[in-house]
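S.K.: Input: one structure, supplied below.
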Amino acid sequence: MKDMKLGQYIHGNSTIHLLDPRTKIVCCTLAVIAVLISYQWYYLLLLAALVMIGIKCSGVGFKLIFHNLRSIRYFLLVSFVFQAILTTGQPVWHIGIITVTDKGLILGTVNLLRLIILFFGSFLLLMTTTPMKLATGIEYLLLPLNKIKVPVQSLSTVLNISFRFIPTLIEEANNIKDAQISRGAQFNGPKIILNVKNYLAILIPMLASSLIRAENVAEAMDSRCYSGHPNKVRMSSLRLKGIDVIVICFMLIILMIGIFVCFF
């Protein structure tokens, strides 16, 4: 968790930063669909290359991206191992009662690539879009749900607050961890059970602090007479430009290619 910047907006004037938030949300949604429907490695490599180009154009920096990838390295490893040993196929390696199969290795590699693409894509979205614009874009895209009595404005407010407090919670978790280390706690010791107990010493204060923050935010919103009505001024500030239409059309073409490759 140390130095983790996931969820923090990085100021910039790149092409990706200047895109309409609705464009970035729609493109990310199309990318997720493309990743989930396809299992061909060459198509996934194409998607990975597009994400890398987006990162390059955003100016965020590959060093920061790969540094934050370390935060989910154990999840990626566990996912790959489970796919490798639980998928039926021709055995390629035996370790006692555990058998690694050829299809398992292929499927594990494909799913690993999928997870990395999804992580990089979501990372790029959060790093190049302010929480306010992100919530406004989601609210605008979900406005048709008002016709079926879905509280879109309340949902967008919850998302906006959640995005805003992700960096704060991460920073607070780091402070609690440093405080526990100063008291002699070990988080990378040889005893796994002890490490788990030490991490619980972080989660419990984090939960208590989150509840206090939530109560304070609720009181602040109530004191300001928050009613949950749509913010028309904020939504009217969104303007689709020509580059937004081009990017959306391009992602639709990429998705169509993925559908064609997968089903034809």
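S.K.: Give the cross-link partners of Lys177 among the aspartates and glutamates, using a straight C-alpha distance below 16 Å as the criterion and excluding same-chain residues fewer than 8 apart.
M.R.: Straight-distance partners of Lys177: Asp3.
S.K.: Assuming 0.692 mPa s and 37 °C, estimate D for the chain with Stokes-Einstein, Rh taken as the Kirkwood radius over Cα pairs, in µm²/s.
M.R.: 153 µm²/s
S.K.: Run the dipole for the chain about the Cα centre, Lys and Arg Cβ at +1, Asp and Glu Cβ at -1, nothing else charged, and hand back the magnitude in debye, nearest 20.
M.R.: 180 debye
S.K.: Can you tell which of Asn68, Asn160, Asn175 shows the greatest fluctuation in a Gaussian network model of the chain with Cα springs below 10 Å?
M.R.: Asn175
S.K.: Hey, in the GNM for the chain with a 10 angstrom Cα cutoff, which one of Leu159, Leu143, Leu47 fluctuates hardest?
M.R.: The residue with the greatest mean-square fluctuation here is Leu143.
S.K.: Per DSSP helix of 4 or more residues, -39500 (n - 2.57); summed, then divided by the residues of the chain. What does that give at 222 nm, rounded to the nearest 500?
M.R.: -24000 deg cm²/dmol
S.K.: Pick out which of His17, His67, His94 has the largest mean-square fluctuation in a Gaussian network model of the chain, springs linking Cα atoms closer than 10 Å.
M.R.: His94
S.K.: At 20 °C and 1.002 mPa s, what whole-number value in µm²/s does Stokes-Einstein give for the translational diffusion of region 50-178, with Rh from the Kirkwood sum over Cα pairs?
M.R.: Approximately 119 µm²/s, per Stokes-Einstein.
S.K.: Further question: What percent do you get for the relative contact order of the chain when only Cα pairs under 8 Å and 6+ apart count?
M.R.: Computed over the chain, the figure is 31 percent.
S.K.: Which residue, Leu211, Phe250, Ser79, has the largest displacement toward the positive end of the dipole of the chain when charges sit on each Cβ (Lys, Arg +1; Asp, Glu -1)?
M.R.: So the residue we want is Phe250.
S.K.: Please identify the helices of the chain, taking whole runs of DSSP H, that span at least 18 Å along their own axis as judged from the Cα atoms and have a mean Kyte-Doolittle score of -1.0 or higher.
M.R.: Those that pass (Cα extent of 18 Å or more, hydropathy at least -1.0) are 21-37, 41-58, 73-86, 102-128, 152-182, 192-223, 242-263.
Throughout, read-outs are computed from the coordinates displayed, never taken from laboratory work. This one's a predicted model, so the numbers in the text were calculated from it and none came from an experiment. With ideal geometry, Cβ positions are generated from the backbone for all residues, glycine too; neighbour counts draw on all protein chains shown.
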